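See structure below.
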Amino acid sequence: MKMRAAFVTRPGEPITVDEVELDDPGEGEVQVKLVASGICHSCLHAADGSWADIPLPIVLGDEGAGIVSGVGRSVSGLKEGDHVILSWAPSCGQCHYCVIGRPVHCENRSKQPGRLPSGQTGMQWRGQPMHRFGTVASHSEYTTIPSSSAIKIRTDVPLTTVALIGCSVMTGVGAVLNTAQVPAGATVAIWGAGGIGLNVVQGAALVSAGMIIAIDLLENKLEFARKFGATHTINAGSTDPIAAVRDLTGRGVDYAFVATGSTRALEQAWASLANGATCVVIGMPGSGEMMQIPSRSIAGSERVLRGSFYGSARTRVDFPRMVELYRSGKLDIDGLINRRYTLDQADQAYQDLAAGDLARGIIVN
Ligand SMILES: [Zn+2]
Ligand SMILES: [Zn+2]
C-alpha cells in the first residue's frame, strides 16, 4: 500500500515527507495505523549526521502508538482494532537474553541496522529500500512491524498521550525503576532535562527519592524539571555541577543518571558520586567518543558505572504498567507534551527539538 512518511535522505538536509510504498505484513508481523509519534533525540542524531552508523534513506520515529490494521501469518494475541504502543526493541522470546528476562538484548533482532528481523526494510521510496529508524519507523501513517514490537494496551487511554511510553517514558522511568531500582530516600542527580531526563526526574519522584537534582544548560528545561519533581536545579553553564552536587548532598550523590549524549556530562556525573554510589548512563555519545575517568576512582570508593538501555524494558510487562501509573495520576505524560505537529511539520519539529524548545513534541496523524 502507499502511505506518507517523514524521512531523511542525507544528513543535515531537511526532513522530507512523501509517499512511501509499504509491504503487507509478513510472517509474524502486524500492520499498525499510527495515531501519534513522539519527537525523539535519537532521531535528531540520525537527521543531523552525528550518529554515523545510521543507514540512509531512513524513515524516522521510534516512539509511537496506533491501532492494529492488519495481521500476518503466525501472529497470536493481536487482532485488528487492538490498541498498541510500539516498541523499538522486538524480541524473539527464545534466545538466551529473552529467556533470562533481558529481552532488550535479544539476539535474534536484525543484524543489519534499519531493517526488520526478516532482513527486509518493508518500505520503498522511488524504488529504493527505505530503512526504518528503531524498527518501528513511526513518523508514518502506517507501519509494518514484528508482532513483538506491538504491545497491546487497554483501549480507554488516549493514544496521543501514551505513545510516549514507547521510548521516552520507558527509557527514563525504567532506568529508575528497573535498571537502578532506586530506594526511597536516596539522593539522585540527573544530567540532561530533555524528554528522557524529565522522565528520570519523575521516576525518581515516583519512588520517593530524597533529593532530586536536575542539571542542564537551559533554564527552560530546568523549569520543566521542577514541574516534574526536581527539588534542586543546577545550570551547568554558570555553576560547576560537581561542586554544587557535593555541596547539596554533603558526600556526593547516591545515583547519578546521564540522560544526555555528552561525554563531559558523563565524566561530571562520575565525579559527583558518593562512595558505593551508581552512575547510570542512558545517553548515547557520538560515534567514537571516549570517556576519561581516573582509574583510581573505582576500587577504593566501590562506585558502579552501568548502562541502561530502554530502561531495561520487558515491554509486555512494563508498557501496561506505565499505562496504569498514568491512569492513577502517578505519571504525568500529558504534561511532557508541550507541542503538537502534523506529519508534514516533521522538519519544524526537529528544528524545535534542536533549539531546545521541547519537553516532548508529538506528531498527531
Ligand atoms: Zn527514542
Ligand atoms: Zn530473543
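So for the chain, averaging the separation of alpha carbon pairs under 8 Å that are six or more residues apart and normalising by length, what relative contact order in percent results?
18 percent
If you place +1 on the Cβ of every Lys and Arg, -1 on the Cβ of every Asp and Glu, and leave all else neutral, what size is the dipole of the chain about its Cα centre, to the nearest 20 Debye?
My answer is approximately 820 debye.
Student exercise: in the chain, how many lysine pairs 8 or more apart or on different chains have Cα atoms under 17 Å apart?
5
Tell me, how many Å apart are the Cα centres for segment 183-212 and for segment 299-323?
13 Å
Work from the charge dipole of the chain (Cβ charges, +1 for Lys and Arg, -1 for Asp and Glu, about the Cα centre) and give the residue of Gln181, Met291, Leu222 farthest towards its positive end.
Value computed over the given set: Gln181.
How big is the charge dipole of segment 270-322 about its Cα centre, in debye rounded to the nearest 20, if each Lys and Arg gets +1 on its Cβ and each Asp and Glu gets -1 on its Cβ?
It works out to roughly 200 debye.
Taking the Cβ of Leu336 as the centre, find all other residues whose Cβ is under 13 Å away and add up their charges (Lys, Arg: +1; Asp, Glu: -1).
It works out to a net charge of +2.
Taking 1 over the mean of 1/r across every pair of different Cα atoms in segment 71-178, what Kirkwood radius in Å do you get?
The Cα-based Kirkwood calculation yields 15.1 Å.
³J(HN,Hα) across segment 47-55 via Karplus (A = 6.51, B = -1.76, C = 1.60, θ = phi - 60°), whole Hz, x for Gly/Pro?
Using θ = phi - 60°, the values come out as 6, 8, x, 6, 9, 6, 8, 8, x Hz.
Using Cα pairs under 8 angstrom and six or more residues apart, how large is the relative contact order of segment 172-309, in percent?
Relative contact order, segment 172-309: 21 percent.
Lys and Arg at +1, Asp and Glu at -1: add these up for the other residues within a Cβ distance under 13 Å of Ile15 and post the number.
-4
With N residues in the chain, what two-decimal value do you get for its Cα radius of gyration over 2.2 N^0.38 Å?
Here the answer is 0.96, to two decimals.
Specify the residue with the greatest mean-square fluctuation among Ser168, Ser287, Ser91, computed from a Gaussian network of the chain linking alpha-carbon atoms under 10 Å apart.
Ranking Ser168, Ser287, Ser91 by mean-square fluctuation puts Ser287 first.
Within 10 Å, count the other beta carbons around each residue, average over each peptide in 173-179, 327-333, 23-29, 306-312, and list them highest first.
The packing order, highest mean first, is 173-179, 306-312, 23-29, 327-333.
Calculate how many DSSP beta bridges within the chain are antiparallel, expressed in % of all such bridges and rounded to the nearest 5.
55 percent
Highest mean first, how do 186-192, 48-54, 244-250 rank when packing is the count of other Cβ atoms within 10 Å averaged over residues?
Answer by packing, highest mean first, reads 186-192, 244-250, 48-54.
Using a Gaussian network model of the chain whose springs link C-alpha atoms within less than 10 Å, name the residue from Met291, Met170, Met130 with the highest mean-square fluctuation.
Answer for the Gaussian network model of the chain: Met291.
Bear in mind that the values in this text are calculations on the coordinates, not laboratory data. All values reported here derive from a predicted model rather than from experimental measurement. Here the Cβ is made from the backbone with ideal geometry for all residues, glycine too, and neighbour counts use every protein chain on show.
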